[in-house]
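The values are calculated or read from the model by the stated rules, or taken from the named source; none is laboratory data. What you see is a predicted model; the values in this text were computed from it and never measured. Methodologically, a virtual Cβ is constructed for each residue, glycine included, from the backbone with ideal geometry; neighbour enumeration extends over all protein chains shown. Keep in mind that these areas ignore ligands, DNA and RNA; they rest on the heavy atoms of the full protein, side chains included. Shrake-Rupley method; radii C 1.70, N 1.55, O 1.52, S 1.80 Å.
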Amino acid sequence: MDTEIQKLGDLINAARRVVFFGGAGVSTESGIPDFRSADGLYSQKFAYPPEYMLSRTFFDEHTEEFYAFYRAKMLPPQSVKPNAAHMYLANLEKRGLLTAVITQNIDGLHQAAGSKTVLELHGSVWRNFCMGCGKFFETDIIVGAWRASPGQNAEGNSALPNPKGVPLCDVCGKIIKPDVVLYEEGLNNETLEKAVAHIARADVLIIGGTSLNVYPAAGLVRYCNGKTVIINKSPTPYDSNADLLIADSIGKVFGALASMAP
């Protein structure tokens, strides 16, 4: 293990452009449950399958139930903080070695740790937009389900609390949607193009905390022309292609690297 970490440290220090591609395993060490493990969200019992409750169809047809589930299971508690992996990556960017974090997570913990160039493939729970006029809202509108301002909106309706728990725009009265990618929705093309460009130019691509089973995001790693490092507790479909494979937690590995950093 120590030898593998030393090899990883040497790869990073010799590189000019390091890119990190991460998944749910980066956030589980901060206390955020993942989806597919034995204790993950998909193993819990709900009135509908979680995959369906996180689909665009469910959002459109059962909006109130979607928001009840979303508030209970998708919004991180205030106690959640960045862990050693988030902090190490932010410091690596400050040192000028890391050019981008590409993440499948929607919790904003990379930004909370100080990372600046973060490409969120699946969006963020901290951004929300009106489906009518496009106005953006902070997440407190989701938590409280209020029409934000007093007075009349564009449709002449009073801006009052929504009794059904569905947040509505204070400008046009339309439904507000979290800026996260639901099942049946495509990824943002601009974000994908930026991710491909960063990966293609990387000397070292570090893949961590992801099973690499979620597409199209997982397919991005095929664009790497440099060295590939995979850090994950369980095997991934790309393990045989890795230049360095570390079967351990991302926080433990990056925590050890942080103690070795100059």
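Suppose a student asked you for the relative contact order of the chain, using Cα pairs under 8 Å spaced at least 6 residues apart; what percent would you report? Working shown, then result.
On the way: 472 pairs, mean separation 59.3, N = 262.
It comes to 23 percent, rounded to a whole number.
Rounded to a whole number of µm²/s, how large is the Stokes-Einstein D of the stretch 50-98 at 10 °C and 1.306 mPa s, given Rh as the Kirkwood radius over C-alpha pairs?
It diffuses with D of about 118 µm²/s by this estimate.
Show me the ranking of peptides 233-239, 247-253, 63-69 by mean Cβ neighbours inside 10 Å, starting with the highest.
On the way: 233-239: 14.3, 247-253: 19.9, 63-69: 17.9.
For the peptides 233-239, 247-253, 63-69, the packing ranking is 247-253, 63-69, 233-239.
Helix-only mean residue ellipticity at 222 nm, the chain, DSSP H runs n ≥ 4 weighted -39,500 (n - 2.57), per residue, nearest 500. What is it? Don't skip to the end; give the middle numbers.
Numbers: 10 runs with 84 residues, N = 262.
Result for the chain: -9000 deg cm²/dmol, rounded to the nearest 500.
What is the angle, in °, between the Cα long axis of helix 2-14 and the longest principal axis of the Cα atoms in the chain? Nearest 10 is fine, range 0 to 90.
Approximately 80 degrees, to the nearest ten.
Can you give the Rg/Rh ratio of the stretch 204-249, where Rg is from the C-alpha atoms and Rh is the Kirkwood radius? Provide the component values of the computation, followed by the final result.
Numbers: Rg = 9.6 Å, Rh = 10.5 Å.
Here Rg/Rh amounts to 0.91.
Within the stretch 66-99, whose backbone N sits under 13 Å from a point 7 Å along Cα→Cβ of ARG201?
Within reach of a label on ARG201, which here means backbone N under 13 Å from a point 7 Å along Cα→Cβ, the stretch 66-99 contributes 98-99.
Say R0 is 30 Å: what FRET efficiency, to the nearest 0.05, do GLU61 and VAL214 get from their beta-carbon distance? Could the numbers behind the result be given before it?
Values: r = 24 Å, r/R0 = 0.80.
Working from the Cβ atoms, E equals 0.80.
Assuming R0 = 30 Å, can you tell me the calculated FRET efficiency for the pair PHE129 and SER79, based on Cβ-Cβ distance, to the nearest 0.05?
Details: r = 27 Å, r/R0 = 0.90.
The calculated FRET efficiency here is 0.65.
Positive end of the charge dipole of the chain (Lys, Arg +1 and Asp, Glu -1 on Cβ, about the Cα centre): tell me which of LEU8, ASN189, SER55 has its Cα farthest that way.
LEU8
Can you figure out the FRET efficiency of LYS7 with GLU138, using R₀ = 51 Å and their beta-carbon distance, to the nearest 0.05?
Values: r = 43 Å, r/R0 = 0.85.
Once the sixth-power term is evaluated, E becomes 0.75.
Taking the Cα centre of each part, how many Å lie between the stretch 102-116 and the stretch 190-262?
16
Ranked highest first by average number of other Cβ atoms within 10 Å, how do 196-206, 101-111, 216-226 line up?
Values: 196-206: 20.6, 101-111: 24.4, 216-226: 16.7.
By packing density, highest mean first, the sequence is 101-111, 196-206, 216-226.
Viscosity 0.890 mPa s, temperature 25 °C: what is the translational diffusion coefficient of the chain from Stokes-Einstein with a Kirkwood Rh over Cα pairs, rounded to a whole number of µm²/s?
In µm²/s, the coefficient rounds to 125.
Once you put a point 7 Å from the Cα of ARG95 and another 7 Å from the Cα of GLU184, both along the Cβ direction, what distance in nm separates them?
So the two model labels end up 4.6 nm from each other.
Once you charge only the Cβ atoms, +1 for Lys and Arg and -1 for Asp and Glu, what is the size of the charge dipole of the chain about its Cα centre, to the nearest 20 debye? Let's see the in-between values first.
On the way: 24 positive and 27 negative charges, 96 e Å.
Computed about the Cα centre, the dipole is about 460 debye.
Round to a whole number: what % of the accessible area of the chain belongs to carbon and sulfur, probe 1.4 Å? Could the numbers behind the result be given before it?
On the way: 6490 of 12610 Å².
It is 51 percent, rounded to a whole number.
Using the charge dipole of the chain (Lys, Arg: +1 at Cβ; Asp, Glu: -1 at Cβ; taken about the Cα centre), state which of SER259, HIS110, SER79 has its Cα farthest towards the positive end.
Projecting each Cα onto the dipole axis, the largest value belongs to SER259.
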